[in-house]
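The values are calculated or read from the model by the stated rules, or taken from the named source; none is laboratory data. A quick note: this is a predicted structure, and the numbers were derived from the prediction, not measured. Quick reminder, even Gly has a Cβ in these numbers, built from the backbone with ideal geometry, and neighbours come from all protein chains shown. The protein model used for the area step is the full one, side chains on, heavy atoms only, and it has no ligands, DNA or RNA in it. Shrake-Rupley method; radii C 1.70, N 1.55, O 1.52, S 1.80 Å.
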Amino acid sequence: FKGDDTCEYLLSSGRFLGEKVWQPHSCMMHKYKNSEAKNCLIDKHIAFIGDSRIRQLFYSFIKLINPQVKEEGNKHGNIPFEDKSASIKVDFLWYPEVNGSMRQRIKSWTEAATAKPHIIVAGAATWSIKIHNGSNEALTQYKINITSIAPLLEKLAKSSDVYWVLQDPVYEDILSESRKMITNEKIDAYNEAAVRILNSSSRNSKAKVKVFSVSKLIAQETIMKSSDGLHLPESSRETNAMILMNVYCNKILKPIDGSCCQPRPPLTLIQKLAFCFFTLSFIGYLIINLIHRNNYRKNKPCTDLENGEEKKPAISTPTTSTLEMLLHSFCKLGLIMTYFYLCDRANLFMKENKFYTHSSFFIPIIYILVLGVFYTENTKETKVLNREQTDEWKGWMQLVILIYHISGASTFLPVYMHIRVLVAAYLFQTGYGHFSYFWIKGDFGVYRVCQVLFRLNFLVVVLCIVMDRPYQFYYFVPLVTVWFMIIYVTLAIWPQIVQKKANGNCFWHFGLLLKLICLLAFIFFLSYSQGAFEKIFSFWPLSKCFELNGNVYEWWFRWKLDRYVVFHGMLFAFIYLALQKRQVLSEGKGDPLFSTRVSNVLLFISVASFLTYSVWASSCKNKTDCNELHPSVSVVQILAFILIRNIPGYVRSVYSSFFAWFGKISLELFICQYHIWLAADTKGILVLIPGYPMLNVMVSTFIFVCVAHEISQITNDLAQIVVPKDNPTLLKRLLCMAGFFSGLLLFSAIQDQSRH
C-alpha cells in the first residue's frame, strides 16, 4: 500500500491482457470517448515538445479528441491543433534534442505573463545518439543539458502537469543503417540519466515532474511489430495516449471504471452517521456482554467444602435478550460493512479491469456443473418446482451469472442473451412463488408484506448508506420489489380470489383470469408509454429511489427488458395449480409427469424449443434488436427448462444440494458481488493478492461467499426482531421505519445541497 495516489502505478507499471488491452498495476484504466475527452480538456492548452516519437504520441492524443485528424504536414516542424467547439489547444513543438533551444522554449513559459500550458509532455534522446554516432561525449552533454532544464520543468510543475517521457527500446534487427548506432544499451543510459537528474532538487511532491516510464514496458511487448524498429505501432501509441488521458482526466470526471489517479471520495454526512451507529452498537454489545459475563460468574455453582456437592444459585443464567441479539447482529454487520468500504471505496485494495476470453467463462462453468452433479441427493417431495428444486435452480443460475460478471462475458453477445434468460428466470420465479403463496394461503396481511420487503431490501438499504450509492444502482432488488407489490395489489384488491374460494365455484377462476388480463394490459400500456412510466416514477419521493444519474431511464430500460416474464410466472402457477387440483399430473416418486406418450411428445418439443432459442440467441448480431424480442421469447426457454427438469420422474426426484446451498443465499450473492468480489461498482475485479490471479480469485471468492452467507443469517435474525407478528407492535415498528426513511431523505437532501 503506497497511499491513495495510484498515478505512480499508472505511469510506471502494468501488463498486457491479451494482445492490445493494457492493465495498469493495481488500478483500472477508463477508455475515454471523444465527448468525455472534450469535456475534460475544455479551455485547456496542452504542449508536446520533443522528437518524432513525441509527435506520434501527440497525434494519438488529439485523435482521442477528434478521430478524423490525419497525420500530415511538416514532420520536422511545429504542428498546431485546435478544437474550437471546446476551446482546446494542443501544440506539437519540434525539439528533437535536449539542448539550449529546448531550454529556451521551456524558460519562456516560466517567465511569460500569459497562461502556461496546463499539460506539458516532453522527451528526446534518439536524435542525440544518432547525430553524435552514440558517443559518450553526447551522453555527457545530454546530462548537462537535462540538468539545466530540470529546475525549469520543476518550476512549471507547480502550476501545470509536466511529464517526461522516457525513451522506448528499439528493435535493432530492422533499424536502417543510419540508425544502427541507436542501441538499447545507449537508450537505457540516457533514461537512467534522465530519471536520476529529474526531481533531484524537488522536495515538494506537488512540484514533481512525472516520469512517464510505462511506455517502455508497452514498447518491450510491441516494438517487434514496428515498421522501422524505432517508432511504436499505432495500437501502442493509442495506449500511451489513453494513459495520459487517464492521468489527467480521472480526477476531474471521476469515471467509475477509472480508479487510477482518483482520490478517495470524502465521507458523506450519512456515511459518518452510519459509522457512529455501528460504533455505538459495538460499544453497547460489549457493555451488555460484560454485564452478562459478570452475572454468570457471580451465579456460577460453587462447591460445598463440607460434603463436596455443588450448590446451585437461586438465580438462573439469563437468556439472550432481544436487545443483545439486535446489537450482536449490528456488530457483525458493522464489521462486514467496514470490509465493503475498504474494498471498494478506500483505495486500500487493488482493482483491475476485466478481460474476456472464452476459456475464462466456459472452463469455470464446466467446473461448477461437475461439482453440482457430484452433490446429487433425493428431494423430500417430488412436486413440480418443489423447494429444493427452485433453490437448486436459483443456485446454478446465480453461479453462472457471477462467472459471467467476473469474466466480462457481456462483450460476447450469445452469452449475454443467455444470461438475460437467467435474469428473466429469476423474475419468473418471483411471479410463480408469490402467486402460489397468495393463491394457496390467502394471506394478504401486513406482516407477510413487511417480511418480504424487509428481506429483499435490508442489505441494499444498508449499502446505499455505507457505499453512497442510489437505490436504483442495485437494479435487481428494485425490480423484484416493484413486481412483488404489483402481484400483491393485483391479487389483494377486490374481489380477493384465492384457491379456497375458487374451489366452490368455477366462476372465480374466470374472475382471476380477468384480473391477469387487466394486469397484462397495464404492463402493455406502460411498456409502450415511456412518458407515462417516467412521470409515475419521477414523483418525489419515488424519484429518490428510481433515479440514476438524474433520470429514470435506466429503471425504464431494466423494467421493460423483462416486462412480461413475471406475468408468465403467475399464469404458469395458476395453470399448474389448477391441473394439480384436478389430479391431471402424476407427481409420485419416479413417475413421469404425464402418460408415457404425452410425456415423450412434450419432452421432445421442450428440447427442440430449448435448442431453437439457443441457436437464435447465438446468431444474434445486434444487441438492441435482440433485446426488443427478448421480453416476448425468453419464456420459451424457461418453460422448456421446467418441462425437461420435471417431466421425467427420476430427474424430478433428485436435486443438487451444492447448487441449492447457493440458491438459499442467491440474493445476497448477487448484491455483495458489486463491492467485495468485483470492484469499482462491478466495472472491475477486486485484487487482494496481486500477481497471482488464480490465488486471488480463490481467496476473494471464499471471503465473498462467507460474507454473503453471514449477511443472509443477519437478515433472517433481524427480520424476526424488526418485523414481529404482533400487529400493534408491528405498527409501531412501521412508524419507526417511516421516521428513519424520512430522516434519510432529509439528510440526503442536505448532502445534495452541499455537493451543489
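Can you confirm whether LYS63 is among the charged types (D, E, K, R) and in a helix (DSSP H, G or I)? Yes, satisfied.
Yes/no matrix, rows are residues, columns are (1) among the aliphatic types (A, V, I, L, M); (2) without any contact (Cβ under 8 Å) to a residue 60 or more places away in the chain; (3) over 26 Å from SER656 (Cα atoms):
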{"position": "ALA346", "(1), (2), (3)": "yes, no, yes"}
{"position": "ILE363", "(1), (2), (3)": "yes, yes, no"}
{"position": "PHE374", "(1), (2), (3)": "no, no, no"}
{"position": "LYS380", "(1), (2), (3)": "no, yes, no"}
{"position": "GLU392", "(1), (2), (3)": "no, no, no"}
{"position": "ILE403", "(1), (2), (3)": "yes, yes, no"}
{"position": "SER407", "(1), (2), (3)": "no, yes, no"}
{"position": "SER410", "(1), (2), (3)": "no, yes, yes"}
{"position": "GLY445", "(1), (2), (3)": "no, yes, yes"}
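Summed over the range 514-523, residues that are free of Cβ contacts under 8 Å to residues at least 40 places away in the same chain and either over 19 Å from MET485 (Cβ atoms) or aliphatic (A, V, I, L, M) (or both) total 3.
Please go through the range 673-702 and give me each residue that is part of a helix (DSSP H, G or I) and touching a residue at least 40 places away in the same chain (Cβ under 8 Å), ordered by number. Those that are part of a helix (DSSP H, G or I) and touching a residue at least 40 places away in the same chain (Cβ under 8 Å): GLN673, TYR674, HIS675, ILE676, VAL697.
Name every residue in the range 725-756 that is open to solvent by less than 30 Å² (accessible area, probe 1.4 Å) and free of Cβ contacts under 8 Å to residues at least 12 places away in the same chain, in order of residue number.
In the first step, residues of the range 725-756 are kept if they are open to solvent by less than 30 Å² (accessible area, probe 1.4 Å); the result is 730, 743, 748, 751.
Hit for the range 725-756 is GLY743, nothing else.
If you go through the range 15-37 and pick out every residue that is of a type in the set (Gly, Ala, Ser) and open to solvent by 30 Å² or more (accessible area, probe 1.4 Å), you end up with 2.
Residues that are within 26 Å of ILE665 (Cα to Cα) and within 25 Å of the chain's Cα centre (by Cα) within the range 704-756 comprise PHE704, VAL705, CYS706, VAL707, ALA708, HIS709, GLU710, ILE711, SER712, GLN713, ILE714, THR715, listed in sequence order.
Residues in the range 317-358 that are surrounded by fewer than 17 Cβ atoms within 10 Å (Cβ to Cβ), part of a helix (DSSP H, G or I) and either touching a Gly at 6+ places or on another chain (Cβ under 9 Å) or of a type in the set (A, V, I, L, M, F, W, C) (or both): LEU323, MET325, LEU335, LEU342. Filtered by the rule that a residue be within 17 Å of ILE685 (Cβ to Cβ) and small (Gly, Ala, Ser), the range 370-414 gives SER407, GLY408, ALA409, SER410. Whenever a residue of the range 160-177 is over 18 Å from LEU198 (Cα atoms), its partners that are among the polar types (S, T, N, Q) and open to solvent by 50 Å² or more (accessible area, probe 1.4 Å), lying with C-beta atoms within less than 7 angstrom and at least six residues away or across chains, give the pairs PRO169/GLN220.
Checking each residue in the range 572-612 for being under 30 Å from TYR528 (Cα atoms), of a type in the set (A, V, I, L, M, F, W, C) and either open to solvent by 50 Å² or more (accessible area, probe 1.4 Å) or not assigned by the TED database to the domain that holds PHE525 (or both) picks out ILE575, PHE610.
If you check GLN262 against the conditions, is it part of a helix (DSSP H, G or I), under 35 Å from the mean Cα position of the chain (by Cα) and not assigned by the TED database to the domain that holds LEU10?
The answer is no for GLN262.
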